[in-house]
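Read through the structure below, which is laid out as structure tokens, and then see the notes.
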Amino acid sequence: MSSGNTRTWAVSGYLPEDFASKKKSYVIIKGRLIENVGAVRPAGLDVLETESLIFPGLVDMHSHVKYNILPLWGLAKGQFLNRFEWRKKFAPYKSAVSFNMKAFPKETICAAVRWAEVKALTGGVTALQGIGNDGRCAADFGIHNIEIPGEFGNKQRIRSATDIIDPALMGAVYDPRLDPTVQKLSTQPSVSGESPENRVNKIYDQALLELMKQTEILDWMETFYNQPRSVKTGLRLLLGEDLGYNGSDLLAGLEAFKPKIIEFLLDPAKGQLNAKASEQQYQSMKLWLFGATGKVGYMQLPANTKPLSGLDLLGDSKTMDFFGKAGVIAVDKKVRRYLAMFEVAVRRSALGYLQLKDSLAIVAHLSEGMRNDAYNHSEYDYIRKLGLNKKGLVLIHAVGLDQNQLKDVAQRQMSIVWSPFSNLLLYGETLDIQTVKKLGINVALGADWTPTGSKNLLDELKIARRYLDKMKVSQVEISDRDLVTMATVNAGKALNLGDVVGQVKAGFQADLLLIDPAKLNSWKDPYSALVHAGQQDVDLVVVSGQPLYGSVKNIQMASTWWKDVMAPEVLPRDQGRCSYQKAFRNPSMTKLDKDIESTGQRTFRTVAGLEQELSSKLNAYRVAVQNKEPKMISNVIGAVDPLYACEDPAYTERFAQFIEKTLDQDAAERKANRKKYKLDDRWTPLGSSNSSAEEEPDDDL
Ligand SMILES: [Zn+2]
């Protein structure tokens with residue numbers, strides 16, 4: 001949220017390091033920033049006096065925001081090897097998770113995103129990663145979304161990508177035939193003044209050139225460019241011997257030949273799988289050859305057009321375009337994919353991105369899965385080979401990295417986001433956090449998403465501690481203070497915003513979390529109090545200098561200072577399970593109302609209103625599924641996922657038991673589980689060509 005806010009006020013309480021000495025601090029907040037932190041009560045300002053512990057707001061460094069309305073996915077039992085296994089090869093995932101998201105209309109997505117933000121807020125989270133393409137739903141709403149430009153006063157951007165490495169593409173790109181040249185060239189000294197990115201680009205262009213020579217594709221391309229411009233030659237070259245075209249006709253001949261071309265394109269072994277795509281491909285081929293009028297296409301280029309060759313061919317946009325369209329049926333499948341997709345879409349854009357002056361960081365899933373899975377290792381190898389292992393790249397999960405790869409992460413000053421709950425539920429194991437700490441790698445925390453993760457980062461802290469206790473990792477090795485540092489300071493560092501995000505200091509973003517110190521009776525230090533705090537212990541959450549959530553008393557006070565039009569909203573309503581009440585302020589409601597009027601959507605003036613809104617949209621979706629796909633109705637989410645964990649017994653029960661269940665699994669049990677769910681003994685996504693089967697979060701690269 002970034003709306004205008006210029007008030008100066010103060011909040012008092014105890015910084016963790018001062019709690020033992022009972023030395024109170026006053027945090028003076030001006031606009032969205034902390035102006036000063038001192039021991040003297042400032043005169044002439046509104047001061048919210050508290051006895052609470054003052055921490056920086058928690059930064060959830062990994063989330064799939066809109067998915068956080070879904071309940072836990074019961075079939076995640078630690079049985080998977082890597083993320084593509086469940087995303088691509090495990091049918092129940094689709095019905096439990098992606099089926100529920102796919103059919104949502106726009107305004108339902110916005111309601112889901114805002115619900116997820118409110119849920120994060122109740123767990124002391126002031127910034128979230130993972131808004132994806134739904135930034136419009138979150139601008140000027142509750143908490144920070146790190147990808148929205150300027151959220152922290154930053155001019156540079158943070159970007160997220162679900163996958164920076166896609167196995168379907170890498171299988172094509174990383175044909176082992178590329179390796180000998182890459183290895184040979186990598187050992188040669190680099191030209192002075194050459195940037196590492198340019199060096200990598202050159203190496204790959206050379207390797208590709210070699211491969212194209214070996215596969216005679218280069219000959220084919222050069223011949224094509226060097227031929228006299230005759231349709232006959234063009235078609236013969238284009239269609240090759242695959243279809244037995246004898247080249248006796250012109251444009252009319254191509255039309256007559258169309259059924260055969262379509263038939264070829266429809267053959268799953270050779271080309272596209274569906275009729276529409278085949279028709280499109282045929283049309284673009286025709287367009288490329290003959291042009292829209294039949295007179296301006298490739299065949300009509302002047303005969304003296306200078307032929308391209310070698311590396312020029314790779315860099316020529318027309319050639320790229322050609323391979324992306326018309327040429328795709330005639331070229332070696334692997335090289336075709338490289339040229340048409342990876343080269344243009346991934347490598348250059350990713351490298352280019354990391355070189356952009358306006359970039360702070362890129363956050364992407366990598367090597368998510370079991371530690372000893374060969375595929376997970378290979379993902380980091382690709383990153384290395386492609387020269388993407390640079391400061392600013394933040395790896396989500398990275399569980400499947402070996403020792404050498406982790407060393408490289410440390411040397412290159414990259415960061416890792418740890419999400420133990422999600423890792424354990426999906427893969428039965430998580431990051432080797434002791435080794436990661438020993439190597440000095442910067443680690444932040446993420447709750448991932450509610451289908452396999454925590455409800456918010458406050459829960460993830462507890463999961464992390466329970467996991468460490470279970471693995472007999474002592475407080476000396478990884479302390480509660482370390483965990484809190486991961487959730488605050490380290491997140492700021494990972495984002496290259498270490499001087500404004502994640503600390504309670506002058507000049508930092510005024511994002512605060514105040515915790516009831518009553519917990520200190522049972523926990524020996526303030527950091528342990530936070531790690532073990534529940535939603536009921538959250539006294540105040542301040543985002544961009546605005547108190548948004550907390551105890552009824554604190555929020556009511558803030559509400560009078562800001563002269564809010566509406567009284568703060570007190571929740572939970574049903575106190576059956578939650579024996580506490582908290583209050584919300586919604587300072588952005590004027591702005592929201594305006595947006596909503598123009599789009600004709602209902603208002604989200606209050607959290608209860610937001611819940612009703614989401615609930616009615618979900619019901620409408622249920623009805624639509626019932627009418628259209630009655631067999632799927634049992635897979636549709638029926639109700640809004642509860643705001644507070646205490647209102648969600650299924651979640652709290654799983655939360656309490658999962659470590660015992662998944663960590664005690666032995667190899668035999670895991671094997672049996674894989675068999676039960678019909679997962680092959682081994683699965684490698686390399687070379688898999690059907691990337692359309694993918695059902696996963698938006699890619700925002
Ligand atoms: Zn994720």
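Farthest towards the positive end of the charge dipole of the range 26-100, among the residues N82, V47, H62, is the Cα of N82, using unit charges on the Cβ of Lys, Arg, Asp and Glu. Given labels modelled 7 Å from the Cα in the Cβ direction, how far is it in nm from S634 to Q183? Using points 7 Å along Cα→Cβ, the separation is 5.3 nm.
Exposure proxy ranking for F84, F584, F90, based on other Cβ atoms within 10 angstrom of each Cβ and starting from the fewest, stands as F90, F584, F84. Multiplying the residue separation of D469 and E279 by 0.36 nm and subtracting their alpha-carbon distance yields 62.5 nm. For the range 609-620, the Karplus equation 6.51 cos²θ - 1.76 cosθ + 1.60, evaluated at θ = phi - 60°, returns couplings of x, 5, 5, 4, 4, 4, 4, 5, 5, 5, 4, 4 Hz by residue, with Gly and Pro reported as x.
If the segment from N627 to D666 were pulled out straight at 0.36 nm per residue, it would be longer than the present Cα-Cα gap by 9.6 nm. Say the cut-off is 28 Å between C-alpha atoms; which of K202/K438; K89/K470; K470/K582; K88/K286; K519/K553 go over it? K202/K438; K89/K470; K470/K582; K88/K286, as the Cα separations exceed 28 Å there.
Placing unit charges on each Cβ (+1 for Lys and Arg, -1 for Asp and Glu) gives the range 444-562 a dipole about its Cα centre, and among W562, G446, P526 the Cα reaching farthest toward its positive end belongs to P526. Counted by Cβ distance under 12 Å from L431, the other residues give a net charge of -1, where Lys and Arg count +1 and Asp and Glu count -1.
Rounded to the nearest 0.05, the FRET efficiency derived from the C-beta distance between E263 and L439 at R0 = 45 Å is 0.20. Electrostatic bookkeeping for E477 treats Lys and Arg as +1 and Asp and Glu as -1; over the other residues with beta carbon under 14 Å from its beta carbon, the sum is +2. Extension gain for L75 to T652 (0.36 nm times residue separation, less C-alpha to C-alpha distance): 206.1 nm.
Each Lys and Arg adds +1 at its Cβ and each Asp and Glu adds -1 at its Cβ; summed about the Cα centre, the range 1-157 shows a dipole of about 680 debye. How many nm separate the modelled label positions at Q156 and N673, each set 7 Å beyond the Cα in the direction of the Cβ? In this crude spin-label approximation the distance works out to 4.1 nm.
Once the Cβ-Cβ distance of K563 and W523 is raised to the sixth power relative to R0 = 30 Å, the FRET efficiency obtained is 0.20.
Rule-based calculations on the coordinates, nothing more; no lab input. Model, not experiment: these values are computed from the prediction. Don't worry about glycine lacking a Cβ; one is built from the backbone with ideal geometry, like all the others, and counts go over all protein chains shown.
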